[in-house]
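Quick notes on the structure that follows.
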Amino acid sequence: MATWIRNGRLADTITGVFEEKDLIIEGKRIEKIIPRGQFSEGGESLDIIEADGMLVLPGLIDMHVHLREPGEEYKETIQTGCLAAVAGGFTAVACMPNTIPPNDCRSVTEFILEQAMRAGLARVYPIAAITMGRKGTVMAEFGDLKAAGAVGLSDDGSPVADSGIMRCALEYSRYYDLKVISHCEDLRLSEGGVMHEGEISTRIGLPGIPSAAEEVMVHRDICLSELTGCPVHIAHVSSAGSVELIRRAKDKGLPVTAETTPHYLTLDHSSVIGYDTSAKVNPPLRTREDVEAVRKGLAEGVIDVIVTDHAPHSSLEKELEFDKAASGMIGLQSALPLVLSLVDEGCLSLSRAVQKMTIAPARVLGVEGGHLREGSPADVTIVDTDARYVFSRDMILSKSRNTPFLGREMKGIAHLTMIGGRVVWQRKASHPGS
């Protein structure tokens, strides 16, 4: 049976224009895109999806999540992570390799893809490790990982400290057409720190991490990109200095891309006051000036992609003294409304926001999706931008609840998520988050 999505505002992520058009979906692909009011059912049997007053977007893509499987299934599984993803409007996620064991070999990559297939929810793109065990000493077998289904490389959670190895990784990654995603952190500068180094860390007595810990490594990786001519993608940008370094790299025409997260766009280090471990992340939340710089970099195209860095932790890792608690917060179900809040504030245009969560990550990773075209996969997210609700624990479908956004009033939610022409999530009218 064909599906007719009608009366919505269709996003063209190539042009940045929203149009009053309908989608006709046949099987797994988009059959037709037609102006509103110009389609007649005739004798066809159609499943009609009403999108009146809503945005019809290409399925959102999150190129930086942690699904914790294999090894830490008590925090998250591929099934529960993908369920949270589709509820948040994401049709595809790229999962980082810091699992137990890490994704540094063919068997782990294949296991992840098998579990994703069993879950039957979001598309899962494995990011494999740059080095064996993510220890930064011996490069992994990029060819095997690519053949198994990996779409990128990262030692996320750990930097590749050895510049020689990072240079080789960039050179070999280009041969296999795998994007290197760099976790930029100088461990000698961040050692012992648990939050941003500044006035607040001094006042509340917690050891700090200077912005330079991130910026030194951003500068190094930009230099290596220039030396090798190879692309590099900078993960979770948090500081004004990093934004400026990436801006200069792009001005020089270097193949450097970057991402940031909703929490670096909406929170600053004052969130740590009270020792709230849900606000402990790495890199840490920084100053209000850094937040404004990251926002500006996003709006101006210096930062290409919005990701969640969804990092589930159980209460065992979070309900501890601040210095002992794990870093990270979940984000798959809060990302969309937080980004829409930036649009409402005038920090980011709606078209730019949609592009940074759809076509931009697809282009960086070199995967299918991110736009709605006749013949393209029917990965669609319908967004109710007017829905208002309080983000509560019972809305969260992840196994973990570690987020500082609980109790926050939100506006905008995924109304329906479709993957390959199949509806995998639909919000119930009785509950905004169900």
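Where in region 1-80 are there strands (runs of 3 or more DSSP E), lying fully within it, with 1 or more residues that are over 25 Å from the mean Cα position of the chain (by Cα), among the polar types (S, T, N, Q) and buried (at least 20 other Cβ atoms within 10 Å of the Cβ)? Hits in region 1-80: 2-6. When we screen His236, His219 for residues that are in a loop (DSSP other than H, G, I, E, B) and assigned by TED's automatic domain parsing to the domain that holds Ala161, the only hit is His236. One residue stands out in region 253-287 among those that are in a loop (DSSP other than H, G, I, E, B) and more than 19 Å from Met329 (Cα to Cα): the one that is nearest to the chain's Cα centre (by Cα), namely Pro255.
Residues of region 128-164 that are surrounded by 17 or more Cβ atoms within 10 Å (Cβ to Cβ) and not in a loop (DSSP other than H, G, I, E, B): Ala128, Thr131, Arg134, Met139, Phe142, Leu145, Lys146, Ala148, Gly152, Leu153.
For Val380, the criteria (1) touching a helix residue (DSSP H, G or I) at 6+ places or on another chain (Cβ under 7 Å); (2) among the β-branched types (Val, Ile, Thr); (3) crowded, with 21+ Cβ neighbours inside 10 Å hold in every case but one, which is (1). When region 389-434 is filtered for residues that are among the polar types (S, T, N, Q), surrounded by fewer than 21 Cβ atoms within 10 Å (Cβ to Cβ) and either modelled with pLDDT of 95 or more or on the phi > 0 side of the Ramachandran plot (or both), the ones remaining, listed by number, are Ser392, Gln426. Might you check whether a residue that is at pLDDT 95 or above, buried (at least 22 other Cβ atoms within 10 Å of the Cβ), touching a strand residue (DSSP E or B) at 6+ places or on another chain (Cβ under 7 Å) and over 30 Å from Asp323 (Cα atoms) occurs anywhere in region 181-202? No; the residues of region 181-202 include none that is at pLDDT 95 or above, buried (at least 22 other Cβ atoms within 10 Å of the Cβ), touching a strand residue (DSSP E or B) at 6+ places or on another chain (Cβ under 7 Å) and over 30 Å from Asp323 (Cα atoms). Scoring Ala249 on the criteria (1) within 15 Å of Val216 (Cα to Cα); (2) buried (at least 21 other Cβ atoms within 10 Å of the Cβ); (3) within 22 Å of the chain's Cα centre (by Cα) leaves a single failure, condition (3). Residues that are of a type outside the set (A, V, I, L, M, F, W, C) and part of a helix (DSSP H, G or I) within region 222-233 comprise Ser225, Glu226, Thr228, listed in sequence order. Each residue in region 193-215 was checked for being touching a Gly at 6+ places or on another chain (Cβ under 6 Å) and charged (D, E, K, R), and 2 of them qualify.
From the list Ala116, Ala85, Ala129, Ala92, the one residue that fits, being assigned by TED's automatic domain parsing to the domain that holds Met357 and in contact with a helix residue (DSSP H, G or I) (Cβ under 7 Å, 6 or more places away or on another chain), is Ala116. Pairing each residue of region 348-370 that is under 18 Å from Leu55 (Cβ atoms) with any residue that is assigned to a helix (DSSP H, G or I), provided the two are 6+ apart or on different chains, yields C-beta distances under 6 Å for Leu348/Ala299; Leu348/Leu342; Leu350/Val343; Ala353/Val339; Ala353/Val343; Gly369/Ala362; Gly370/Ile359; Gly370/Ala362.
The values are calculated or read from the model by the stated rules, or taken from the named source; none is laboratory data. Remember, predicted model here, so these are calculated numbers, not experimental data. For neighbour counting, all protein chains shown are included, and Cβ atoms are generated from backbone atoms with ideal geometry for every residue, glycine included.
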